[in-house]
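Below is one structure; the comments refer to it alone.
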Amino acid sequence: MDRHELKGGQVIDGFRLIEPLESGGMATFWRVTRDGDDLPMLMKIPLLRPGEDPLTIVGYEVEQMILSRLSGPHVPRFVAAGDFERPYIAMEFIDGLSVKSFLDNTPLPAEAVATIGAKIAFAVHDIQCQHVTHLDLKPSNVILRGDNAVLIDFGLSRHDQLPDLVQEEADGPVGTGAYISPEQVLGDRGDPRSDLFALGVILYFLATGERPFGEPQRADNWRWRLWRDPVPPRERNPAVPPWLQEVILRCLEVDPEARYATAAQLAFDLQHPEQVPLTQRAARMRRDGVFTVAWRWLRIARNPPVRFRRAVATHLADAPIVLAAIDLEPGHEALSQALALAVRRVLATEPNARLACINVLKIARLALDKLEDAEGRNPHLGRLVGLKHWARAIPVAPERITYHVLESTDTASQLVDYARHNRVDHIVIGARASSRLRQYLGSVSAHVVAEAPCTVTVVRVADFETVTRNAGAQRA
Amino acid sequence: MWIGLFSDIHANREALEASLEHAHSAGITRFIFLGDYVGYGADPAFAVDTVMREVEAGAVALLGNHDAAISTGTGGMNHIAAEAIDWTRPRLDRTQSEFLARLPLTFEDGNRLFVHASAHAPERWEYIISIESASRSFLATRAQATFCGHVHVPELFHLSPTGKLAGFQPVQAVEIPLLAQRRWIAVIGSVGQPRDYDPAACYGALDTERNILVYVRVPYDNETAARKVRDAGLPLLLSSRLIEGA
């Protein structure tokens, strides 16, 4: 189908072409409508002409195959696809702002970078939970709509449970020069953390106004990023705070193992800047010297890294965000110990897990609570000290643990909201011993179990006294 | 319409019954059997009777190398396979043996080819286990999709219009679209003797309208099947591999 043949008003498989949209190199886009369908739609029509790059055809097959399986607020809804006689994909039209449009106003303030970055990270996490790695993440492929980032163009993506047609077709690395990850340059399309690298490039661009590795067009030059580290963001823009440089440079690590384990964990840091543990990455003010770079080049030239592929699902399962809801009230020490034991068991099998230790400070509904107690101490500080003391028993690296004191009139709802907002995978919470009043009012843990968006483990202290008493009563 | 693709039943009654029951409950009413009903397992007569009954009801059944060996002899087989065939032969009656001897090597349905081993010289029982063996099969047929068994390990080979060929380890229960612009060889795993380290029976479900293939795994009572192999005095390896799936 030639783009010049298409005219407004033309009907293709029941879709009426309304107006052409901005065209890409490999496809044309039209706003379309269909009788009886209210969804705003667009039609993507690939340019499949003789002599066209075979990857264009494959990209069309792949996008059709993958988009039709994705759902949720972070992807355009798939509507229909044509056959090879009349190729097209009809999908939801996303009315929003392309991240590309922010590039004219860079550098953006750190808070704006973090907000946009967290939205994109949640979108990446969502598609990865559906077995898909995007593998061509860049500003023009991300549209911000309301609270969500929507990812588009799945032509180079990989579905973990389907044949990788792009890998089959391509003779070398496939991607966009400015954003492609080092492992993709080496021909590995199986690592979900490749999307985190591309996201790191986007964050770097938004925070500094420059691309960390330029825009190399020839694939030969893509390899430079294997040994040449980028200029630290703070050298380019001194207004970048250390925590943001830490996050960006962690995304841009050459070794995927050194990056965040999942996009949800990256989003967690972007949403809690004050909790980002700073390492030498945050302090870096200039690039590595020639000698270091030459040594890295030599090492890679001699021993190209070989890695073992793992399914996206396995990878995500190994790196959950675990929320421990800790009761610091006096009189519940046994429960708090049991909770620590349960959390240790959960973390023992998940080496890349992150632990968020939460205590909810219950405030009165109407009264304006004082920020200090009678002796002038900040109750938050006391709670934080308590949380850190509790966590001593949990063997987990400092960069994998954070502490949060939240305020709420409704502890259970607050925990559930927090879990939802941070894509928590597993909540561990203690249940106090039951009493008449609790049975009547309902306990916090019961509310959390009923409403949490994820797995919940409820920890109890074994109450042998009651067990024995009841057993005795039955015998009597 | 959904078609059940059953290969390499190998006289395993428990696996065959469980797989058929599973397919029926999934709404599959039409079957294509890709060969090797006998050999290795302890219930050859039951396996052949079941397939005969399905064929009477409209199913297609193809010839496998173990089925052929009943009448033509065990030349070219390893000694364990040959020993199992020699054990099997006297346990089949004349009707069952003649049914096996008359089975065709291939079946074509539109642009789909069904065969036990490979489209390339089907009577030579070549294993499709590599890019080379897959390309020989692709060259031997014009069919867009070939469905075969023989290997006991599920794999899906795909050939692009530009001649790029790759293999893929299918994930169970996932709908795989067999896209029209490329060619496919679907090596269906084994119902009665899986060897991909998963002892569950494996069969293929093909939706002929949407051109979608699903690899289905069915856990079955493999301990009973293994015990019967042992009690029959067949080689012990044939019993233990039902437990290990290797």
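Bear in mind these aren't lab numbers, they're just calculated from the coordinates by the rules spelled out. This is a predicted model, so every value here is computed, not measured. Note that we place each Cβ from the backbone using ideal geometry, even for glycine, and neighbour counts take in every protein chain shown.
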With Cα atoms, 0 to 90° folded angle of helix A:242-251 axis to chain A main axis: 60 degrees
Cβ-placed point charges (K, R +1; D, E -1), dipole of the stretch A:23-90 about Cα centre in debye, nearest 20: 160 debye
Peptide-level mean, for A:449-456, of C-beta atoms on other protein chains within 10 Å: 0
Exposure proxy order (Cβ contacts within 10 Å, fewest to most) of A:R250, A:R432, A:R218: A:R218, A:R432, A:R250
Karplus (6.51, -1.76, 1.60) ³J(HN,Hα), θ = phi - 60°, over the stretch B:87-99, in Hz, Gly and Pro reported as x: 6, 6, 3, x, 8, 9, 7, 5, 4, 5, 5, 5, 4
Relative contact order [Cα under 8 Å, 6+ residues apart], the stretch A:142-279, whole percent: 21 percent
MRE, 222 nm, helices only [DSSP H, n ≥ 4, -39500 (n - 2.57), over chain A, to nearest 500]: -10500 deg cm²/dmol
Packing-based order for A:148-157, B:106-115, using average beta carbon neighbours within 10 Å, highest first: A:148-157, B:106-115
For the stretch B:241-246, 3J(HN,Hα) per residue [Karplus equation, 6.51 cos²θ - 1.76 cosθ + 1.60, θ = phi - 60°, Hz, x = Gly/Pro]: 6, 6, 7, 7, x, 9
The stretch A:277-339 shape via C-alpha gyration tensor axes, a/c threshold 1.5: oblate
In order through the stretch B:4-15: 3J(HN,Hα) via Karplus (6.51 cos²θ - 1.76 cosθ + 1.60), integer Hz, x for Gly, Pro: x, 10, 10, 10, 6, 6, 6, 6, 9, 4, 4, 5
Packing-based exposure ordering (other Cβ within 10 Å, fewest first) of A:Y260, A:Y204: A:Y260, A:Y204
Cα gyration tensor category, rounded, prolate or oblate, for the stretch A:17-124 with a/c compared to 1.5: prolate
Extension gain (nm, one decimal) between B:I131 and B:E56, 0.36 nm per residue minus Cα-Cα: 23.3 nm
Separation of alpha-carbon centers, the stretch A:32-75 and the stretch B:188-224, rounded to whole Å: 32 Å
Degrees separating the helix A:194-208 axis from the principal Cα axis of chain A, which is the longest one: 90 degrees
Residue order, fewest to most surrounding Cβ atoms within 10 angstrom, among A:V444, A:V11, A:V290: A:V290, A:V11, A:V444
Built amide H within the under 5 Å cut-off of A:I427, gap 5+: A:L323, A:T455, A:V456, A:T457
Lys/Arg +1, Asp/Glu -1 at C-beta; the stretch B:108-246 dipole; positive extreme among B:I212, B:T162, B:A173: B:T162
The stretch B:1-40 shape via C-alpha gyration tensor axes, a/c threshold 1.5: oblate
Over chain B: helical MRE at 222 nm, DSSP H runs n ≥ 4 each giving -39500 (n - 2.57), nearest 500: -9500 deg cm²/dmol
Solvent-free Debye scattering, log10 I(q)/I(0), computed from the Cα coordinates of the protein assembly as shown at q = 0.05, 0.08, 0.09, 0.11 Å⁻¹: -0.34, -0.83, -0.99, -1.21
Helix axis angle, B:222-231 relative to chain B longest principal axis, alpha carbon, degrees: 40 degrees
Shielding by partners, peptide A:159-172 (average Cβ within 10 angstrom, other chains): 5
The stretch A:159-193 versus the stretch B:120-143: alpha-carbon centroid distance in Å: 29 Å
Amide H within-cut-off set for A:G24, under 5 Å, with H built and near neighbours excluded: A:F29
Placed amide H near A:V79: partners under 5 Å, 5+ positions off or other chain: A:A90, A:M91, A:E92
Cβ neighbours within 10 Å from other chains - mean over B:156-167: 4
Relative contact order of chain A, pairs being alpha-carbon contacts under 8 Å that are 6 or more residues apart, as %: 11 percent
